[in-house]
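Taking it in order: structure first as structure tokens, then the write-up.
Each value in this text was obtained by applying a stated rule to the coordinates, not by laboratory testing. Note that the structure is a prediction, hence the values are computed from the model and not measured. Here the Cβ positions follow ideal geometry from the backbone for every residue, glycine too, while neighbour counts run over all protein chains shown.
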Amino acid sequence: MTALWPASKLTKCRDDIRQSARWEHIVRLDFVGVDPGNPDDDCPAVFVDPETGDFYFQGDTVTDKDILAWINSDSRIKDSESVVRLPAVMAAIIMEAARGSYERGKRRFAPDTHPRPAEDVRTRLEEADLR
């Protein structure tokens with residue numbers, strides 16, 4: 001039987017499908033804000049999953065054994081969990097996320113000004129959506 005498509009086209013088609021399927025499983029989170037006192041490309045930050053309303057907090061991992069023991073006495077810390085600290089100055093940002101009054105689709109960095117372009121998954125996803 002003669003192949004209808006050359007092998008190179010079949011390979012490209014298969015790769016396109018794999019790439020497309022990979023992007024479908026990427027969670028799209030809304031960026032709410034970072035610590036206003038942190039001018040660098042660092043944490044802490046707050047994100048919201050627009051589909052579920054779940055919150056994601058990026059902050060310094062708490063390693064102080066006394067603090068962890070205190071927290072664990074009221075809410076057991078499972079092996080799959082971690083405790084992060086967010087400074088009090090971020091209370092307004094956390095409340096903005098909780099109220100849902102944040103700007104949807106907001107980005108901290110525009111695609112052409114991202115400090116780590118190779119790690120900018122969001123721009124790659126948006127560019128793939130445009131194709």
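Quick notes on this one:
- Chymotrypsin sites (Phe, Trp or Tyr not before Pro) restricted to DSSP loop in the range 69-131 with at most 16 other C-beta within 10 Å: 109
- If the convex hull is drawn through the Cα atoms of the range 68-108, its volume per residue in Å³: 130
- Rounded to the nearest angstrom and listed largest first, the equivalent-ellipsoid semi-axes of the range 22-100 from its Cα gyration tensor are 23, 18, 13.
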